[in-house]
Structures are given as structure tokens and as C-alpha cells.
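The values are calculated or read from the model by the stated rules, or taken from the named source; none is laboratory data. Here the structure is a predicted model, which means the values were calculated and not measured. When we count neighbours, we look across all protein chains shown, and the Cβ atoms used for this are built from the backbone with ideal geometry, even at glycine.
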Amino acid sequence: MSERAKSGNPVVFLFAGGGTGGHLYPALAIAQKLEKTVKECEIHFVGTKKGIENRVVPEYGYPLHLISVRGVTRKLTPANIVVPFCVLWSLLQCGRILFKIRPAAVVGTGGYVSGPVLFMASLLGYPTLVQEQNSYPGVTTRLLAKRVKKVHLSFKESLKYFKKQSNLIISGNPVRDLSIRLSKKEARQHFNLETEKPTLLVFGGSQGAVAINHAVLDSLEMLMHETDVQIIWSTGKTGFQEVKERIKKYSYRIWVSNYIDEMEVAYAASDLVISRAGAMTLAEITMCRLPSILIPYPYAAAGHQVANARSLEKSGAAVVIVEKDLEGYVLAKEISRLLDDSNTLKQMQQAAENAAFPNATTEIVQSVLEIAKFQN
């Protein structure tokens, strides 16, 4: 038994989703909400040694059960030969885990980790639920959709990819708590920036994005001379030194770091966001009512970032620039156009708010409790 449930008979929930933060953090958000909802609750995770979950899940205090599954490389490679054997072995491992902890419900948030867990759980009669982050559903979600009790989707555009519709629910992506008590002025002061000037937030995810960094660098001369914009810039580790050197003469208008620990403060300080189009990023910026210029990562699996970005663009909350068209001049012109047009920014803010799902985590937790037939 975990430290979180020492007394009584805790209700056990098993989560499977990892490999990347995009699959893991939604699971953690749901798990944390479950703990707040169910008095005697015990959370377990399934993952792999190589996935981000092997480092992050123990930090949250949850037990992590390791299995041997691995993803399929999309290119022809000898490494794919052993994948079927890994899947079979991982199914046996999952069966053993399920018999050991006997969860009330099993939740998968995509990625190759969740495939064998949800398949074996459904085969053995455990209640199962899938949460899909992207507009174009992943292979795991599409394969398991007919077997699980409920499928929670984040975009209405995803509906067309499923033959069975009766178990589909559009609820949005569960995100971390981004609420703060700082005003926009106070948030800007946190980054040592002017309180009244328009502020741009630039980031490419936890690893940064080289293409975005270079485009913003190439746009600086035009932006700094023709606008009053100031910038909060998360470069990622690989781009930090280059950016830091090249912005020296504008450092009074640019706060730069390789990573932003307090993203909720950065969101609060900003008028406009430039970012990739990962599903969780889009969930956060819409929750914060922020207009955005999206530059989808072109090599994301099945082009899902492009699909995510186009969905938000269609709603009116974002402008999309595909990477092949990304140049400093193009980016500077688009930033200037938006920041100079307060009416358009307000319309994009409203569209972002309309596209957000503020109750996503609560709705998903309610579904988990329903399939588990649990009552407080």
C-alpha cells in the first residue's frame, strides 16, 4: 500500500500513459484530481524504464510498475522485429500487475505504454477508459476505442475517426492548475519587464524549438525598432547560449531562460503566445484566454500537431505558420499585425476562451468513478 492510503480499504486506480510528457501529464492531472475526490484512494502507474514516467512518477509519490513494451519505429529497422515479442511479454506483465493490485478502474492516456495495459484490463473485465489528447487520435486510442468503456476526446474533429460513437465524450485535455492571484502588471514585474508594454511569450516546449528560436532572432531588429513589444522567452537548453548572446543589446526588453518554472506567471504576463502545437500546450493557452501564433512541429507522429493547430485556427483563436514558411520577416509582420489590432486580439481571446475546456479534469474523473461504480 502506498503512503497515500494507509488506513481502511483504499480504492485503487491504475494509470497507463507515458513515454513523453504529453501522455504522462494528463494522467497525473487526472490522478491528482481523483485523490482530492476520493477520500481513500490509491494511485498506481504503469510505465517503462526509458519513458519520462520512470523519473517523474516517483517524484509525485505514486508506485510505478515497469513493463517491457516499446514503441514501433516508423521506419523499416531490425529493431521492430523484437516488438511483437515485447508486446506479448508486456501483456503477461500487465496481467500480473492487474491481479496483484485489482484496480477499480484502469485509465490510459495514449502512447505505446497504455496499449497492453488497457487491452489486458479489458480482456480481464476491468473497467477501462481512454483519454486522447490530439485532434488526430493516436494508434493506441483508435485500436482500443471499441474495447474500452469510455473514450474522452479533446477535439470534436476527432469524432470522424471512430466507427463506434456511443462511448465517445468530448471533454478537452486535463491541465495543471494555472490559476494565480497576480495581475498582468504584477506578472510582468516578476520578469523585470515594463508593466504597460505589450508582451510576447515565446516557447517551444520543455526541449525548446530551434526553428522558433532562429525565427524570433531573425525578427528582432524589425520588432525592436518598429514595435514596443517585450518578450518572455523560453529557449530550451540547446538554444539558450546562442539566444542570450544575440539579444544583449535588447536585454532590457527581453527576459530569457532555458526553461520557465512558473508558466502560470508567464501566461498571466502575456498578450500573445508563439509556440508549437502540442495538445497540452494548446489546452493551457486556451485556458488562459491567450491568442497565439502556432508553429506546429512538422515531424510529430501522423502530423498531429498540424491537425491540432488547424483546429484552433479554425476556431479563430490562433494563426498558423507552418515551419517551411517560417522566416523572421514573416513572423515579425504577423506579430506586429496582431499587437497593433486590439479588436482582433480581443476576438482571438474570446475564441480561445470558447475553445477551452475548464472542467475537463473534473468530467474525466466523474467518468472514471462512473465506470468504477464508485460512490462517496
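Matching residues to (1) more than 17 Å from R337 (Cα to Cα); (2) not aromatic (F, W, Y):
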| site | (1), (2) |
| --- | --- |
| S219 | no, yes |
| V229 | no, yes |
| T238 | yes, yes |
| R246 | yes, yes |
| Y252 | yes, no |
| N258 | yes, yes |
| T286 | yes, yes |
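Looking at A302, A307, A268, A283, which is the one that is assigned to a helix (DSSP H, G or I) and touching a helix residue (DSSP H, G or I) at 6+ places or on another chain (Cβ under 6 Å)?
Details: A302 fails: touching a helix residue (DSSP H, G or I) at 6+ places or on another chain (Cβ under 6 Å); A307 fails: touching a helix residue (DSSP H, G or I) at 6+ places or on another chain (Cβ under 6 Å); A283 fails: touching a helix residue (DSSP H, G or I) at 6+ places or on another chain (Cβ under 6 Å).
Testing whether each residue is assigned to a helix (DSSP H, G or I) and touching a helix residue (DSSP H, G or I) at 6+ places or on another chain (Cβ under 6 Å) leaves just A268.
Residue check: L290 meets all listed conditions (1) in a loop (DSSP other than H, G, I, E, B); (2) in contact with a strand residue (DSSP E or B) (Cβ under 9 Å, 6 or more places away or on another chain); (3) surrounded by fewer than 18 Cβ atoms within 10 Å (Cβ to Cβ) but one, namely (3).
Would you confirm whether any residue within region 185-194 is within 19 Å of H23 (Cβ to Cβ) and either in the same structural domain as M263 (by TED's automatic domain parsing) or not in a loop (DSSP other than H, G, I, E, B) (or both)? No, because not a single residue in region 185-194 is within 19 Å of H23 (Cβ to Cβ) and either in the same structural domain as M263 (by TED's automatic domain parsing) or not in a loop (DSSP other than H, G, I, E, B) (or both). Within region 184-215, restricting attention to residues that are of a type in the set (S, T, N, Q) and touching a residue at least 24 places away in the same chain (Cβ under 8 Å), which residue is surrounded by the most Cβ atoms within 10 Å (Cβ to Cβ)? Looking at residues that are of a type in the set (S, T, N, Q) and touching a residue at least 24 places away in the same chain (Cβ under 8 Å), I get T199.
Just to be sure before I move on: is A351 closer than 26 Å to Q133 by Cα, assigned to a helix (DSSP H, G or I), over 17 Å from the mean Cα position of the chain (by Cα) and not assigned by TED's automatic domain parsing to the domain that holds S158 in the structure I sent?
Values: closer than 26 Å to Q133 by Cα: yes; assigned to a helix (DSSP H, G or I): yes; over 17 Å from the mean Cα position of the chain (by Cα): yes; not assigned by TED's automatic domain parsing to the domain that holds S158: yes.
It is true that A351 is closer than 26 Å to Q133 by Cα, assigned to a helix (DSSP H, G or I), over 17 Å from the mean Cα position of the chain (by Cα) and not assigned by TED's automatic domain parsing to the domain that holds S158.
The residue that is nearest to I212 (Cα to Cα), among those in region 298-315 that are surrounded by fewer than 20 Cβ atoms within 10 Å (Cβ to Cβ) and either polar (S, T, N, Q) or at pLDDT below 95 (or both), is P298. Taking the numbered list (1) out of contact with any Cys (no Cβ under 8 Å at 6 or more places or on another chain); (2) aromatic (F, W, Y); (3) in contact (Cβ under 8 Å) with a residue 60 or more places away in the chain in turn, Y267 passes all entries but (1). Looking only at residues in region 116-134 that are in contact (Cβ under 8 Å) with a residue 40 or more places away in the chain and under 20 Å from Q165 (Cα atoms), the one that is surrounded by the fewest Cβ atoms within 10 Å (Cβ to Cβ) is P127.
To keep it simple, each residue is scored yes or no on (1) more than 25 Å from K333 (Cβ to Cβ); (2) of a type in the set (D, E).
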{"position": "R181", "(1), (2)": "yes, no"}
{"position": "T195", "(1), (2)": "yes, no"}
{"position": "W233", "(1), (2)": "no, no"}
{"position": "R246", "(1), (2)": "no, no"}
{"position": "D261", "(1), (2)": "yes, yes"}
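Scanning region 184-221 for residues that are in contact with a Lys or Arg (Cβ under 8 Å, 6 or more places away or on another chain) and among the aliphatic types (A, V, I, L, M) yields a total of 5.
Taken together, the criteria place P137 among residues that are part of a loop (DSSP other than H, G, I, E, B), touching a helix residue (DSSP H, G or I) at 6+ places or on another chain (Cβ under 8 Å), without any contact (Cβ under 8 Å) to a residue 60 or more places away in the chain and crowded, with 16+ Cβ neighbours inside 10 Å. Screening V148 on (1) surrounded by fewer than 16 Cβ atoms within 10 Å (Cβ to Cβ); (2) at pLDDT 95 or above shows it passes everything except condition (1). Within this structure, R142 fails the test of being outside the structural domain of G19 (by TED's automatic domain parsing) and either in a helix (DSSP H, G or I) or farther than 30 Å from S251 by Cα (or both).
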